[in-house]
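What follows is one structure encoded as structure tokens, with my remarks underneath.
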Amino acid sequence: MRILSTILFYIIFVLSLALIITNLPPVVIDAAKNIKIYQWFLYGAGAYFIIRLIPSVRKNETWLQTFSHELSHTIVGMIFFRKIHSFNVEDKGTGVITHSGKRRIGSTFISLAPYCFPIFTYAFMLLRLLGSTESMYIFDLFIGFTAAFHFVCFWKQTRPYQTDLQKVGYFHSYLFIATWRLFNATIILLCIKTGIADAVTYIFPKYWETLVNWWTFIVELTTKIF
């Protein structure tokens, strides 16, 4: 059973990664062509990298990164109906949460969420739904700021010594993380231009269209060969 679930995992994530990689370049190219739309997002990202140069900010940055790490575990754990027993982040930058249940369903998502799930960025993308057209730049500013924060978090924390990665397995972990990071990049870029609701309703049909095109190509190729 475990072998079957592992094979299924690789099939799903290799296929998903291929779909995401295929559809990401047009989104990036479109963003480059309409760079003015992303100016506040870029201002926010730039502001984070400037602010983190302040000594007092850098002093507390590790704690905040650890806090976001454990918060990601917690939120995703709750999504999978795990009962959170404790949440603790120490001043020295170490933290741990404990939750009920050792079910395999959701375990990988819970373990690896801190390395690919930008929780603060998604929070502002959802809050963006409530804003007026005139206030969009404020949300875009914070989306850029938090995206830069999570970029630094992911860069610093995705290391082989992490017990989360060791527990899941390195190849398994990096495939999962790469897939979700690229998907998140796609959604963030689309969100700035169209909003998160339109981003989701645009990209998933595109994935399906790509999948259908691949299948049609394989069928036609097989027909010609045989």
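Worth a mention:
- Applying the criterion of at least 1 residues that are under 21 Å from the mean Cα position of the chain (by Cα), at pLDDT 90 or above and under 18 Å from Ala148 (Cβ atoms) to the helices (runs of 4 or more DSSP H) found wholly in the stretch 43-133 leaves 55-79, 119-127.
- From the list Phe142, Phe149, the lone residue that is part of a helix (DSSP H, G or I), open to solvent by less than 20 Å² (accessible area, probe 1.4 Å), in contact with a Phe, Trp or Tyr (Cβ under 6 Å, 6 or more places away or on another chain) and aromatic (Phe, Trp, Tyr) is Phe149.
Every residue, every condition in (1) open to solvent by less than 80 Å² (accessible area, probe 1.4 Å); (2) of a type outside the set (Val, Ile, Thr), yes or no:
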| site | (1), (2) |
| --- | --- |
| Arg2 | no, yes |
| Leu8 | no, yes |
| Thr22 | yes, no |
| Pro25 | yes, yes |
| Ala32 | yes, yes |
| Lys36 | no, yes |
| Phe41 | yes, yes |
| Gly46 | yes, yes |
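So that you can scan it fast, the table gives a plain yes or no per residue for (1) touching a Leu at 6+ places or on another chain (Cβ under 7 Å); (2) surrounded by 14 or more Cβ atoms within 10 Å (Cβ to Cβ); (3) part of a loop (DSSP other than H, G, I, E, B); (4) among the aliphatic types (A, V, I, L, M):
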| position | (1), (2), (3), (4) |
| --- | --- |
| His172 | no, yes, no, no |
| Ala178 | yes, yes, no, yes |
| Leu182 | yes, yes, no, yes |
| Thr186 | yes, yes, no, no |
| Ala199 | yes, yes, no, yes |
| Tyr207 | yes, yes, no, no |
| Asn213 | no, no, no, no |
| Val219 | no, no, no, yes |
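- Residues in the stretch 152-161 that are outside any helix (DSSP H, G or I) and without any contact (Cβ under 8 Å) to a residue 40 or more places away in the chain were compared, and the one that is nearest to Leu182 (Cα to Cα) is Arg159.
- Boolean, Thr223 is open to solvent by 70 Å² or more (accessible area, probe 1.4 Å) and of a type in the set (Val, Ile, Thr): yes
- Among the residues of the stretch 188-197, the ones that are among the small types (Gly, Ala, Ser) and either crowded, with 18+ Cβ neighbours inside 10 Å or outside any loop (DSSP other than H, G, I, E, B) (or both) come to 1 in all.
The values are calculated or read from the model by the stated rules, or taken from the named source; none is laboratory data. Since the structure is predicted, the reported quantities are computational estimates derived from the model, not experimental observations. Cβ coordinates were reconstructed from backbone atoms using ideal geometry, including for glycine residues, and neighbour counts include every protein chain displayed. All accessible areas refer to the heavy atoms of the entire protein, side chains included, with ligands and DNA or RNA removed. Shrake-Rupley method; radii C 1.70, N 1.55, O 1.52, S 1.80 Å.
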